[in-house]
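The next block holds one structure in the form of structure tokens; read it before the comments.
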Amino acid sequence: MATAWEESVADSINTIYLLFSAYLVFVMQLGFAMLCAGSVRAKNAMNIMLTNVVDAVVGSVSYYLFGFAFAFGVGSNSNPFIGTRFFALKDIPNDTYDYAYFLYQWAFAIAAAGITSGSIAERTQFSAYLVFSFLLTGFVYPVVSHWVWSTGGWLSPSYDGTSGLLFGSGAIDFAGSGVVHLVGGVAGLWGALIEGPRVGRFDAFGKPIQMRGHNATLVVLGTFLLWFGWFGFNPGSFTKVLVSYPDATDEGNWTGVSRTAVTTTLAGSTAGLVTLFGKRLLVGHWDALDVCNGLLGGFVAITSGCSVVEPWAAIVCGFFAAWVLIGLNVVALKLRFDDPLEATQLHGGCGAWGLIFTGLFAKEEFVVQAYNSGAEGVKRPFGLFMGGGWGLLGAQVVEVLVIMGWVSVTMGPLFYVLHKLGLLRISREEEVAGLDISSHGGYAYVDHHEEKHPRFYADYVRMQEGSRS
């Protein structure tokens, strides 16, 4: 039996590890900002960077007031998080979720909002984005995270034993292929659909016109920052790393942490490599930006099953994630769907594939390690292709469907109402001039941009002077 001193040391190490992981996930906001800034045209760089800042600052307040309560609410008024006093979903011990866990979950919440910002970039009114960001981080995302990650959630795999779990399994979404990425991707789908394509994205015959981002260097920088942050996103989701296993009391979850980092790396790298050669065959040249998106697609897909699959399976995950992304991009162009950062295809499509992949390749030993502390004699459903039956796969499919449904019935009407009220999309003249000058007082690259696009700038100045007169 562990002494009080040993328990205190273990708690300290767990808290330090969780806080460090939260800091890594927060670094992903910088990665998103750089990726988005480089992927849009120069005249919208200031706007897209501001939306990423807004996700963090608005998300802090909304998640504190409401989001954490909807996700992991408790009934005690002594809980330090305001929203839990009024919006508790289930009474659980007050000390179950502390400040470190709040910070970690907040970093996930603002990441979900950042995903959607890419789908509606270059044409959205800033005030509408404020409304969207507050609602997603304060209500829409937290409800999904409650379903999957709270021990009271109906999709959760984390109950003791297997009684009461959906299909005897629960849905395994270890770090959020569905909870974070599919939520953000579906929200972006509705925003981009309701807003419509950017001015000039398709010609009169529906043929796509290329609108490349203005800075490939920022895209690559953002990609590597996101890769770095993913080591907090996936391995960091082992919220307690010091767990005494019956057959390895001195090892605990550190093996799982290390393996998760490896599977994350392999899936992303494989997807990047497949995208590199796949796009070379399709378009005839090597493209760094496509490789970056392919790499991220692999990370998104493995995020669900990163802790419960073998490294070789992660390579399979990344291989198919790349083709999911490539295929959805082809479909998007045929349907005249305009997502400047491919966020819907990347986070939504690869996120859904990641959930299905977990239902096919999860290994029983690793499932027990991640969700039952390696307890001896525990039997759980696992991957269909690994001999584990249909239970886990069924739960994974249910998670995909309910997330798509929930986000659709919440975010779809929000974007539609904003659209009908004339609050969602900027005017054609403002879009041509650029959001930076129309909404933020000037371009990110003032001298360069005014020199490069004098007609757009002059037209907008005349428009503004006319409105004042």
Checklist entry - Right, TRP106: more than 27 Å from GLY434 (Cβ to Cβ), part of a helix (DSSP H, G or I), in contact (Cβ under 8 Å) with a residue 24 or more places away in the chain and out of contact with any Leu (no Cβ under 9 Å at 6 or more places or on another chain) or not? => result yes
Checklist entry - Failed condition for VAL409, given (1) surrounded by fewer than 20 Cβ atoms within 10 Å (Cβ to Cβ); (2) part of a helix (DSSP H, G or I); (3) in contact (Cβ under 8 Å) with a residue 12 or more places away in the chain; (4) not aromatic (Phe, Trp, Tyr), with all others met? => result (3)
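Being surrounded by fewer than 21 Cβ atoms within 10 Å (Cβ to Cβ), assigned by TED's automatic domain parsing to the domain that holds ASN14 and assigned to a helix (DSSP H, G or I) narrows it down to one residue among LEU193, LEU182; which is it? Even if it seems obvious, please write down each step before you answer.
Working: LEU182 fails: surrounded by fewer than 21 Cβ atoms within 10 Å (Cβ to Cβ).
Going through LEU193, LEU182 in turn, the sole match is LEU193.
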Checklist entry - Does the stretch 109-120 include one or more residues that are among the hydrophobic types (A, V, I, L, M, F, W, C), out of contact with any Leu (no Cβ under 9 Å at 6 or more places or on another chain), on the phi < 0 side of the Ramachandran plot and modelled with pLDDT of 90 or more? => result yes
Next on the checklist: So if I check each of TYR141, TYR101, which one is modelled with pLDDT of 90 or more and out of contact with any Phe, Trp or Tyr (no Cβ under 6 Å at 6 or more places or on another chain)?
Outcome noted: TYR141
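Quick check, is VAL368 surrounded by fewer than 18 Cβ atoms within 10 Å (Cβ to Cβ), closer than 20 Å to LEU155 by Cβ and not small (Gly, Ala, Ser)? Full working, then the answer.
Working: surrounded by fewer than 18 Cβ atoms within 10 Å (Cβ to Cβ): no; closer than 20 Å to LEU155 by Cβ: yes; not small (Gly, Ala, Ser): yes.
No.
Condition check: surrounded by fewer than 22 Cβ atoms within 10 Å (Cβ to Cβ), assigned by TED's automatic domain parsing to the domain that holds GLY188 and among the hydrophobic types (A, V, I, L, M, F, W, C). Does VAL417 satisfy that? Even if it seems obvious, please write down each step before you answer.
Details: surrounded by fewer than 22 Cβ atoms within 10 Å (Cβ to Cβ): yes; assigned by TED's automatic domain parsing to the domain that holds GLY188: yes; among the hydrophobic types (A, V, I, L, M, F, W, C): yes.
Yes.
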Checklist entry - Residues in the stretch 371-391 that are surrounded by fewer than 22 Cβ atoms within 10 Å (Cβ to Cβ) and of a type in the set (Phe, Trp, Tyr): how many? => result 2
Next on the checklist: Being modelled with pLDDT under 95 and farther than 20 Å from ARG212 by Cβ is the requirement here; does GLU365 meet it?
Outcome noted: yes
Checklist entry - So LEU355 clears everything in (1) under 24 Å from VAL283 (Cα atoms); (2) in contact with an Asp or Glu (Cβ under 7 Å, 6 or more places away or on another chain) except one condition, right? Which one? => result (1)
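Among the residues of the stretch 272-306, write down those that are β-branched (Val, Ile, Thr), under 14 Å from the mean Cα position of the chain (by Cα) and either assigned to a helix (DSSP H, G or I) or surrounded by fewer than 24 Cβ atoms within 10 Å (Cβ to Cβ) (or both). Even if it seems obvious, please write down each step before you answer.
Applying the first criterion (β-branched (Val, Ile, Thr)) to the stretch 272-306 yields 274-275, 283, 291, 300, 302-303.
Of the ones still in play, those that are also under 14 Å from the mean Cα position of the chain (by Cα) are 300, 302-303.
Listed by number, the residues that qualify are VAL300, ILE302.
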Item to check | Answer residue from the stretch 350-360, given it is more than 12 Å from the chain's Cα centre (by Cα) and not hydrophobic (A, V, I, L, M, F, W, C) and is surrounded by the fewest Cβ atoms within 10 Å (Cβ to Cβ) among those | outcome: GLY359
Item to check | From VAL316, VAL330, residue being closer than 21 Å to GLY213 by Cα and β-branched (Val, Ile, Thr) | outcome: VAL330
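The values are calculated or read from the model by the stated rules, or taken from the named source; none is laboratory data. Only a predicted model underlies this, so the values are computations on that prediction, with no experimental measurement involved. Glycine also receives a Cβ, built like all others from the backbone with ideal geometry; neighbour counts cover every protein chain displayed.
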